[in-house]
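Chemist: Please find one structure pasted underneath; my questions will follow.
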Amino acid sequence: METAFLILAALLTVAHFATCLIVMLRLGSVPPPVTHRPLITLLRPVCGVDQFDEATLASSFQIDWPDYEVIFCAARADDPAVALVRRLIARNPHVPARLLVGEDRISGNPKLNNLAKGWRVATGARIVMADANLMLPPDYFARLVAVEDAATGLVTSPPVGTVPDGFWGEVEVAFLNGNQARLQLAADELGQGFAQGKTLIWQRDVLERAGGLAALGRTLAEDVAATKVVRGSGLKVRLARVPFAQPIGRRDLAAVWARQLRWSKVRRDGFPALFMLEPLNGALVPVLLAGVALGPAGGLGVAILHYGAELALCHRAGWPVGRWTLPAMVMRDLMVPLLWVATFARRGFEWRGNALSPVRTATVPE
């Protein structure tokens, strides 16, 4: 039994090392050149105003691209974000931009219902859906378009958490960066890219042939549906070589738990077979197995190897690393099995007063 524990611990540790190495090599590679610059429509749904929204929404006007338009979408005229968006549009007359207000009930997904009006009037050959809390760099479109090829149906990217404030902000960053972004980027390198709703750049005709935006409301989250739509069309989901920043700021335990539990429920609904393996994600299981097989020194050795590789990845990638990074990673890995168990208590959840469930097919907004 101890031998079996040791073998499993070694396999999990090697797999972790492999994903860290794959992503480090990816981030160190020369980015592909941009060979075409199509007209792009940028859709940004807004709902409320968070700490960094003025900066992240303002980044919509600072993209280095010859021809693009920006369409902000709000469900209600009294949403606090409406006044902010109008100010930003007035300050940036050099970029064609407008605000659309209203909601089309095309699905049980409130984010898609908000975006539907923007999709309908978009003029771009490519349509980008980018969440309001994502910081868009000047080369945002270039990094997305550069990875397109004949087999690509959708380009996407996970967010990378930046500017965490306090311990729980660091824990949120640990979930986003060394765990989720690492796994998504490694999967793309292995030809198994999957969508992340933070950023989606569509070739419009690909989604239209599959039923349009309403087709993305068939699962609990639009990114899960997007992955299935693209793969069902015989195409691939590709990821930008380098992900984009999402400022995190201050969080508390309740906020981190609620957000990660929502995403856990999305993964259970969208990819149930993979979800069953999630307790193996992180250092906890290999450390415990090595501890049983080799004693405390063995468990400590595996922990050093595991977290050392992840810290090296974060440092190489330029992702936030500070005094709370390692404790936050440990806390994240302690939370993973608890979140997995809690996911089975109830399939749906509530977000900003909306009851969302697999039957109603809704998304997980930030």
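The values are calculated or read from the model by the stated rules, or taken from the named source; none is laboratory data. None of the values given here were measured: they were computed from a predicted structure. Here the Cβ positions follow ideal geometry from the backbone for every residue, glycine too, while neighbour counts run over all protein chains shown. These area figures cover heavy atoms from the full protein model, side chains too; ligands, DNA and RNA do not enter into them. Shrake-Rupley method; radii C 1.70, N 1.55, O 1.52, S 1.80 Å.
Chemist: Going by a ≥ b ≥ c, the root eigenvalues of the Cα gyration tensor, does region 247-348 fall in the rounded group (a/c under 1.5), the prolate group (a/b larger than b/c) or the oblate group? Intermediate values should be presented prior to the final figure.
Modeler: Details: a/c = 2.04, a/b = 1.23, b/c = 1.66.
It is oblate, given that a/c is not under 1.5 and a/b is not larger than b/c.
Chemist: To the nearest 20 debye, what is the magnitude of the charge dipole of the chain about its Cα centre, counting +1 on the Cβ of each Lys and Arg and -1 on the Cβ of each Asp and Glu? Kindly include the intermediate steps, with their values, before the conclusion.
Modeler: Values: 38 positive and 31 negative charges, 131 e Å.
With only Lys, Arg, Asp and Glu charged at Cβ, the dipole is about 640 debye.
Chemist: Among bridges DSSP assigns within the chain, what percent are antiparallel (round to 5)?
Modeler: On the way: 11 of 37 bridges.
Taking every DSSP beta bridge within the chain, about 30 percent pair in antiparallel fashion.
Chemist: Tell me the angle of helix 253-270 to the major Cα principal axis of the chain, expressed in degrees between 0 and 90 and rounded to the nearest ten.
Modeler: Between helix and principal axis, roughly 80 degrees.
Chemist: Next up: By its C-alpha gyration tensor, with a ≥ b ≥ c as the square roots of the eigenvalues, how is region 115-164 shaped: rounded for a/c under 1.5, else prolate for a/b larger than b/c, else oblate? Provide the component values of the computation, followed by the final result.
Modeler: Details: a/c = 2.13, a/b = 1.22, b/c = 1.75.
Oblate.
Chemist: Have a look at V266, V101, A58 and report the one farthest towards the positive end of the charge dipole of the chain, computed about the Cα centre with Cβ charges (Lys/Arg +1, Asp/Glu -1).
Modeler: Projecting each Cα onto the dipole axis, the largest value belongs to V101.
Chemist: What part of the accessible area of the chain, given as a whole %, is carbon or sulfur when the probe is 1.4 angstrom? Intermediate results must be reported in sequence, preceding the final value.
Modeler: Numbers: 9680 of 15330 Å².
Carbon and sulfur atoms account for 63 percent of the accessible area of the chain.
Chemist: What distance in nm lies between label points placed 7 Å from Cα along the C-beta direction at A254 and A90?
Modeler: 3.6
Chemist: Follow-up question, since we're still on this one. What pairs from K117/K265; K228/K265; K198/K236 go past 22 Å between their alpha carbons?
Modeler: Working: K117/K265 28 Å; K228/K265 17 Å; K198/K236 18 Å.
Violating the 22 Å limit, Cα to Cα: K117/K265.
Chemist: Which of G217, I40, A146 sits farthest toward the positive end of the charge dipole of the chain, with +1 on the Cβ of Lys and Arg and -1 on the Cβ of Asp and Glu?
Modeler: G217
Chemist: For q = 0.07, 0.08, 0.09, 0.15 Å⁻¹, what log10 I(q)/I(0) does the chain give under the Debye formula with an equal point scatterer on each alpha carbon and no solvent?
Modeler: Each listed q maps to, in turn, -0.30, -0.40, -0.50, -1.41.
Chemist: Here's something else I'd like to know. Packing-wise, with mean Cβ within 10 Å as the measure, how do 89-99, 173-183, 147-157 rank, highest first? Present the calculation step by step, with values, prior to reporting the outcome.
Modeler: On the way: 89-99: 13.8, 173-183: 23.9, 147-157: 19.6.
Final packing ranking: 173-183, 147-157, 89-99.
Chemist: Can you show me the helix-derived [θ] at 222 nm for the chain, built from DSSP H runs with n ≥ 4 at -39,500 (n - 2.57) apiece and divided by the number of residues, rounded to the nearest 500. Could you put the intermediate results ahead of the total?
Modeler: Working: 14 runs with 170 residues, N = 366.
Result for the chain, helices only: -14500 deg cm²/dmol.
Chemist: Which value, in debye to the nearest 20, gives the size of the charge dipole of region 187-257 about its Cα centre, when Lys and Arg are +1 and Asp and Glu are -1 at the Cβ?
Modeler: Values: 11 positive and 7 negative charges, 8 e Å.
In total the dipole reaches around 40 debye.
Chemist: Another question about this same structure. Could you size up the charge dipole of region 57-167 around its Cα centre, putting +1 on the beta carbon of Lys and Arg and -1 on that of Asp and Glu, and report it in debye to the nearest 20? Walk me through the numbers on the way to the answer.
Modeler: Details: 11 positive and 12 negative charges, 81 e Å.
So the magnitude is around 380 debye.
Chemist: So, one more: Which aspartates and glutamates have a Cα less than 12 Å from the Cα of K111, not counting those fewer than 8 places away in the same chain?
Modeler: Partners found: E103, D131, E222, D223, E366.
Chemist: Compute the signed sum of charges (Lys and Arg +1, Asp and Glu -1) over the other residues within less than 13 Å, Cβ to Cβ, of A15. Before the final figure, lay out each step's value.
Modeler: Details: positive: R182; negative: E310.
Net local charge, A15 excluded: 0.
Chemist: Keeping all protein chains in place, calculate the accessible area per residue for the chain (probe 1.4 angstrom), answer in Å².
Modeler: Working: 15330 Å² over 366 residues.
The answer is 42 Å² per residue.
Chemist: Let me ask something additional. Please state the relative contact order of region 38-132 as a whole percent: Cα pairs under 8 Å, 6+ residues apart?
Modeler: Computed over region 38-132, the figure is 44 percent.
Chemist: Let me ask you something else. What relative contact order, as a whole-number percentage, does the chain give when Cα pairs under 8 Å and 6 or more residues apart are counted?
Modeler: Details: 662 pairs, mean separation 81.6, N = 366.
22 percent.
Chemist: In bins 10 Å wide, starting from 0, what share of all Cα pairs of region 31-117 does each bin hold, as a percent?
Modeler: That works out to 16, 45, 29, 10, 0, in percent per bin.
Chemist: Tell me which of L200, A116, M129 sits at the most positive position along the dipole axis of region 84-231, charges placed on C-beta atoms (Lys, Arg +1; Asp, Glu -1).
Modeler: So the residue we want is A116.
Chemist: On to the next question. Cα centroids of region 305-337 and region 25-62: how far apart, whole angstrom?
Modeler: Cα centroid of region 305-337 versus Cα centroid of region 25-62: 26 Å apart.
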